[in-house]
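J.: First the structure, which I've put down as structure tokens, then a few questions once you've had a look.
The values are calculated or read from the model by the stated rules, or taken from the named source; none is laboratory data. Model, not experiment: these values are computed from the prediction. Methodologically, a virtual Cβ is constructed for each residue, glycine included, from the backbone with ideal geometry; neighbour enumeration extends over all protein chains shown. All accessible areas refer to the heavy atoms of the entire protein, side chains included, with ligands and DNA or RNA removed. Shrake-Rupley method; radii C 1.70, N 1.55, O 1.52, S 1.80 Å.
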Amino acid sequence: MNKKVSVVKCERYADSRDAIDKAVSLIGGMDKFVKPGDKVVIKPNLVSRKKPDEAVTTHPDFLHAVIEAVEEAGGEVTIAESPGGPYNAAALKAVYSACGVNDAIKGTNAKLNFNTDFTEVSFPEGRTVKSIPIINPILEADVIISLPKLKTHAMTSYTGAVKNLFGTIPGTYKAELHFRLNERKAFCSMLVDLHECIKPTLSIMDGIWGMEGNGPTAGQNRHIGLVMASENAHALDLVSCRLIDYAPYEVDTVYEAVSRGLVEESADKLEILGENLENLVIKDFLKPESHFNLLKLISLPAAANARLTNALASKPKIKYSECVGCGECSRCCPPKAIDMSSGKPVINESKCIKCFCCQELCPKKAVKIHRPLLNRFMLKFLK
């Protein structure tokens, strides 16, 4: 188990290169991970067509700096991602353009992936899934470098290094996994299986600007001013969660990794290099409105627990004054719970699995998180 995580201050994207070089050098240097002639796939977080200043995706200056560092070590770079929604050349072209990736590769030899082939990979060691569809560029790489963004997430509380790999699963198969694994714990266990199947070589976190509140796309920008790196994505996530004041048990990908012995149970048991983490913890980092687990405060029989869970669960709601009727929420909904026959989305709550894909992929941030009155009452008086 690798326990090293580097934490380096970086206030501006203009200083990305120096901070990335320092963060990677603290854990061995880029030459440790990339050898001359290696086929290196860099997997940024490009969840949807968002501009760089929205703090939703890996910033192009950050990506450019990593490309330069990899090429200087002799690596041959391809940028690969399967964003939310369809996985085809047209969708990839639109995402690369909107997220500034076309600018990020200027002055480098890096190539953009437009190959949409994928392979069903057998993974018998998986606890939740025994086979996983993975895009071919990932499978053909000698080295995989993941560039997650530090953000909150409506379904999983936090999205970071492990969840970034969900973007290695092709388009509609993401919806299928959301539908099959519609309980948060099972979904996060699948994410850990996916990580253990792929085992990225290196993860470098874009924590210069992140997102708080109702992330991963509809929250508020938050300046964090950090670059972090590790060979162990679970350790990187554990440190990131400590930074934004999450306990390990509050983030199921981290808690699952701890239970499997893939990472220590506390960030203070890791080897943190660079900055003193405890001096950087952000106590007022806003959590998603769907985050607080009220049922941790109550002990009930399983059947009653299930009914109460449904009654208290946060749900997606459409703010029609902001909705333009584009239908993206309906197209990306795994259980097909959104009807567009009236020209505006109508959510069938009996079908909704509360994956918040609609909220995540709405281009106008018109899908909001609604907490029932009892949920809000208990949160106020019992938290």
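J.: Just to be sure before I move on: is Ser97 surrounded by 14 or more Cβ atoms within 10 Å (Cβ to Cβ) and not hydrophobic (A, V, I, L, M, F, W, C) in the structure I sent?
T.: The answer is no for Ser97.
J.: Another question about this same structure. Can you tell me which residue within region 246-264, out of those that are open to solvent by less than 40 Å² (accessible area, probe 1.4 Å) and of a type in the set (Gly, Ala, Ser), is farthest from the chain's Cα centre (by Cα)?
T.: Among those residues, the one meeting the criterion is Ala247.
J.: Under the condition of being farther than 15 Å from Val70 by Cα and not in a helix (DSSP H, G or I), which residue from region 28-53 is farthest from the chain's Cα centre (by Cα)?
T.: Lys51
J.: While we're looking at this one, here's another question. Considering only region 237-251, I want to know if a residue exists there that is part of a loop (DSSP other than H, G, I, E, B) and farther than 24 Å from Pro200 by Cβ. Please lay out each step first, then the result.
T.: The first filter runs over region 237-251 and keeps only residues part of a loop (DSSP other than H, G, I, E, B), leaving 244-247, 251.
Filter again for farther than 24 Å from Pro200 by Cβ, leaving 245, 247.
Scanning region 237-251, I find at least one residue that is part of a loop (DSSP other than H, G, I, E, B) and farther than 24 Å from Pro200 by Cβ, so the answer is yes.
J.: Quick one: what pairs do we get from region 334-346, first residue within 11 Å of Tyr320 (Cβ to Cβ), second assigned to a loop (DSSP other than H, G, I, E, B), C-beta under 8 Å, 6+ apart or different chains?
T.: Within 8 Å, the pairs are Gly343/Gly325; Lys344/Tyr320; Lys344/Cys323; Lys344/Gly325; Pro345/Cys323; Pro345/Gly325; Pro345/Gly327; Val346/Met340.
J.: Tell me, yes or no, whether region 154-171 has at least one residue that is of a type outside the set (A, V, I, L, M, F, W, C) and free of Cβ contacts under 8 Å to residues at least 24 places away in the same chain.
T.: no
J.: Further question: Within the group Glu81, Glu76, which residue is open to solvent by 10 Å² or more (accessible area, probe 1.4 Å), of a type outside the set (Lys, Arg) and either modelled with pLDDT of 95 or more or over 23 Å from the mean Cα position of the chain (by Cα) (or both)?
T.: None of the other options fit; the residue is Glu76.
J.: Here's something else I'd like to know. Looking at Tyr96, is it assigned to a helix (DSSP H, G or I) and of a type in the set (Phe, Trp, Tyr)?
T.: yes
J.: Also, I was wondering about something else. Please list, ordered by first then second residue, the pairs with beta carbon atoms under 9 Å, 6 or more apart or interchain, first in region 272-286 and charged (D, E, K, R), second loosely packed, with under 13 Cβ neighbours inside 10 Å.
T.: Glu278/Asp268
J.: Scan (1) modelled with pLDDT under 95; (2) surrounded by fewer than 17 Cβ atoms within 10 Å (Cβ to Cβ); (3) not in a helix (DSSP H, G or I) for the single condition Leu295 breaks and write down its number.
T.: (3)
J.: Continuing with this model, one more query. I need the full set of residues from region 178-189 which are in contact (Cβ under 8 Å) with a residue 60 or more places away in the chain and more than 24 Å from Glu212 (Cα to Cα), in order please.
T.: Once the filter is applied, which keeps residues that are in contact (Cβ under 8 Å) with a residue 60 or more places away in the chain and more than 24 Å from Glu212 (Cα to Cα), region 178-189 yields only Phe179.
J.: Tell me, which residue of region 338-358 that is more than 13 Å from Ile318 (Cα to Cα) and charged (D, E, K, R) is modelled with the highest pLDDT?
T.: Once the filter is applied, the top-ranked residue is Lys351.
J.: Name the residue, out of Val8, Val56, Val66, that is assigned to a helix (DSSP H, G or I), touching a residue at least 60 places away in the same chain (Cβ under 8 Å) and buried (at least 19 other Cβ atoms within 10 Å of the Cβ).
T.: Numbers: Val8 fails: assigned to a helix (DSSP H, G or I); Val56 fails: assigned to a helix (DSSP H, G or I).
Answer to the check: Val66.
J.: Return the total of residues in region 252-285 being within 22 Å of Lys185 (Cα to Cα) and either part of a loop (DSSP other than H, G, I, E, B) or modelled with pLDDT under 95 (or both). First the steps, then the outcome.
T.: Quick first cut of region 252-285, residues within 22 Å of Lys185 (Cα to Cα) only: 252-267.
Narrowing further to those that are either part of a loop (DSSP other than H, G, I, E, B) or modelled with pLDDT under 95 (or both): 260-266.
Of the residues in region 252-285, 7 are within 22 Å of Lys185 (Cα to Cα) and either part of a loop (DSSP other than H, G, I, E, B) or modelled with pLDDT under 95 (or both).
J.: Among the residues of region 223-236, are any crowded, with 24+ Cβ neighbours inside 10 Å, touching a Pro at 6+ places or on another chain (Cβ under 7 Å) and outside any loop (DSSP other than H, G, I, E, B)?
T.: For region 223-236, residues crowded, with 24+ Cβ neighbours inside 10 Å, touching a Pro at 6+ places or on another chain (Cβ under 7 Å) and outside any loop (DSSP other than H, G, I, E, B): present.
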